[in-house]
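A short write-up of the structure that comes next.
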Amino acid sequence: MTNVFIEGDNLSVLPSLQAGSVDVVYIDPPYNTGNDFAYNDRHGVGRDRHRAWVEMMRPRLTAARELLADGGAIFVSIDDNEVAHLRLLMDEVFDEANFIAQIVVNLNPKGRQLGNFFATSHEYLLVYARDVATCVLDATSAHSVDPADFPQEASDGRRFRHLPLRNTNKKFNPATARTLHYPLFGSPTTGRVAATAFDGAVEVLPVFGDGTPAVWRWSAPRVEARPDDLVCRTVRGKLGERVDIFQRDWLHDGRRKKLKTIWLAEEVGSTDTAVAELKAIVGHVFESPKPTGLVRRILECFPPDAVVLDFFAGSGTTGHATALANAEDGGRRTCISINSPEPTRVGSNAASAGLATVSAITQARLRAVAEQVGGVLEVRVSGSPR
Ligand SMILES: C[S@@+](CC[C@H](N)C(=O)[O-])C[C@H]1O[C@@H](n2cnc3c(N)ncnc32)[C@H](O)[C@@H]1O
């Protein structure tokens, strides 16, 4: 089973799911822009409007926390309207100690031209662990590794880059890491490096660019064990030419790179590309879907059998991204999507296409995903199998 869709108000559906069974929650709740928050009219304006939104979110986030496994994490998309309130609410529900990141997502690269001042081109992704001590989130990606960062080529065709073997962080120096300040031996002619002297070798001590004593990143036994991963070269520094030792850092299969906290549209997609994705699979039936690339980047941080939950599913982007991720790497992720049968606007593309509710849109997309991408879809209405 790849996708499960449950129609209903998430507040009543969430408690019916098994506690501790979800590895990653992704949600994109109504943003409270003044017209997309269904509860807005009943709850007033200004401060009251924020209070009403927070009161709507609190029990849902609390229920979501119960569902997360010990190693799990939650990702919440939000824009400037509620980011400050949401951050405080998440601190309250998940505990400030479990805050992981507030990522900037560049979903509108052209910038919103309608505002009075700046052309807003980003929103946020708030990330909290169920428990940072046990969280399995691996904030790296294989897709962000750039082969151009590995300009050297070995004789067997493998690519690599040179990294200084000396620790460039000034916190590590002979006073703080005494055993790592020791002489190595290298030949700038042949490139050979060893922990003991050999014919034609010069003694090399680790120094910072200004000539002050530094430390190596590797111990002498490690240098001895991995001679092919080191090279001795003559380099030009501020103080003229010097002989130094470098690590050959290889571009190998499965190599991953730490993700930054700014996610660009060219990496994860934009609202425009998300509309195009949706159009291609079911039509232009939802106004601001998220790109599948955004959710796929989140999924890449978790094991390939992760249980995913999106309880503000909208057009079903998270279920779509889950099926795409499984199709790419053969994973066995499952995704539970929940959306209420909120009526679509009269005269909207969705209504004209016969999709009377948002939950009908979610189902239409997930059905198309099952046919075109793969995986089985199970549909339930407020907890009961259909
Ligand atoms: C901003 S949209 C999510 C869009 C989605 N990320 C996508 O890519 O299509 C928020 C969704 O939450 C749904 N929703 C709002 N309140 C809800 C509730 N109490 N229970 C379930 N769904 C709800 C709305 O119908 C809407 O589809």
Quiz item: Taking only the alpha carbons of region 162-250, what extent do you get along each of the three principal axes, in Å, biggest first?
Solution: 31, 30, 26
Quiz item: Say each of Arg159 and Thr212 gets a label point 7 Å from the Cα, pointing the same way as Cα to Cβ; how far apart are those two points in nm?
Solution: 3.7
Quiz prompt | Antiparallel %, DSSP beta bridges [both residues in the chain], to 5 | solution = 65
Quiz item: Given springs between every Cα pair under 10 Å in a Gaussian network model of the chain, which of Gly111, Gly269, Gly375 has the largest fluctuation?
Solution: Gly111
Quiz item: In region 297-356, which trypsin sites (Lys or Arg not before Pro) fall in coil by DSSP and have 14 or fewer other Cβ atoms within 10 Å?
Solution: Arg332, Arg345
Self-check item: Positive-end residue of Phe286, Met56, Thr176, charge dipole of the chain with Cβ unit charges
Solution: Thr176
Quiz item: Hull surface divided by four, with the convex hull built on the Cα atoms of region 182-317: how many nm²?
Solution: 13.7
Exercise. As a check on your grasp of the helix formula, calculate [θ] at 222 nm for the chain: sum -39500 (n - 2.57) over DSSP H runs of n ≥ 4, divide by the residue count, round to the nearest 500.
Key: -7500 deg cm²/dmol
Quiz item: Computed on alpha carbon atoms, what radius of gyration and Dmax characterise the chain, expressed in Å?
Solution: 26.3, 85
Practice problem: Round to the nearest 0.05 the FRET efficiency obtained for Thr140 and Ala97 when R0 = 25 Å and r is the Cβ-Cβ distance. | Solution: 0.65
Exercise. Grab the beta carbon distance between His85 and Ser21, set R0 = 45 Å, and tell me the FRET efficiency rounded to 0.05.
Key: 0.95
Quiz item: For the chain, modelled as a GNM with alpha-carbon contacts under 10 angstrom, which of Cys301, Cys335, Cys232 fluctuates the most?
Solution: Cys232
Exercise. Would you please give the FRET efficiency between Trp250 and Ala177, computed as 1/(1 + (r/R0)^6) with r the Cβ-Cβ distance and R0 = 30 Å, to the nearest 0.05?
Key: 0.75
Quiz item: Considering the chain as a Gaussian network with a 10 Å cut-off on Cα pairs, which listed residue, Ala280, Ala197, Ala327, attains the greatest mean-square fluctuation?
Solution: Ala197
Exercise. May I ask you to list the chymotrypsin sites (Phe, Trp or Tyr not before Pro) in region 62-162 that are in a DSSP loop and have at most 15 other Cβ atoms within 10 Å of their Cβ?
Key: Phe117, Phe118
Practice problem: Quick one: dipole size for the chain, taken about the Cα centre, charges +1 on Lys/Arg Cβ and -1 on Asp/Glu Cβ, in debye to the nearest 20. | Solution: 780
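Bear in mind that the values in this text are calculations on the coordinates, not laboratory data. This one's a predicted model, so the numbers in the text were calculated from it and none came from an experiment. Note that we place each Cβ from the backbone using ideal geometry, even for glycine, and neighbour counts take in every protein chain shown.
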